[in-house]
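Comments concern the structure below.
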Amino acid sequence: MKRITLLIITFSLMIPAFSCKGQTQEHVHYLTTADFLEKVHDYKKNPDTWEYKGKLPCLIDFYADWCRPCKMLSPVIEELAARYQGKVIFYKVNVDKEKELSAAFGIQSIPSLLFVPMQGQPAMNAGVLPKETLEAYIKSFILGIKE
């Protein structure tokens with residue numbers, strides 16, 4: 001199987017650690033591989049061409065339950081999902097449970113974020129982004145807002 005080639009954007013900035021105990025993920029949807037193939041992109045049928053299936057742009061958080069940086073990022077993702085509800089869909093993919101999907105995207109470091117605009121190629125970021133940087137990227141890359 002060919003891997004989908006994505007633009008990789010790497011930031012080494014870290015957001016401050018804080019507890020996500022008791023946090024809910026009511027605005028974030030969890031994806032299985034089957035859900036991804038149906039709602040986002042069928043990389044089995046189209047391994048060489050990106051074809052987004054969604055009705056809104058999306059951000060996909062590849063994470064693991066045991067990952068401390070993932071836990072640090074989780075409340076930020078939930079906050080932004082609530083803020084951009086109806087404009088951007090926020091998904092989470094558990095890399096331990098969805099190994100095929102993680103392998104298809106070459107996930108080697110978590111958290112990894114896949115930014116998917118309505119048109120054009122998606123972009124991947126490995127690592128934790130500060131909330132301000134993440135929001136700026138959502139506005140400019142995913143939503144195409146020029147400020």
Set 45/146; 55/146; 45/131; 44/146; 99/146 screened for pairs whose C-alpha atoms are more than 32 Å apart: 45/146; 45/131; 44/146; 99/146
Descending principal axes extents, the stretch 49-118, alpha-carbon based, whole Å: 32, 30, 15
Prolate/oblate/rounded call for the stretch 15-147, Cα gyration tensor, a/c under 1.5 rounded: oblate
Extension gain from residue 118 to residue 55, taking 0.36 nm per residue of separation minus the Cα-Cα distance: 21.9 nm
Euclidean distance between Cα centres, the stretch 32-56 to the stretch 93-147, Å: 15 Å
Full-extension gain in nm, residue 136 to residue 48, via 0.36 nm per residue minus C-alpha separation: 28.8 nm
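Read-outs: derived from the displayed coordinates by stated rules, not from any lab. Note that this is a predicted model, so its numbers are computed, not measured.
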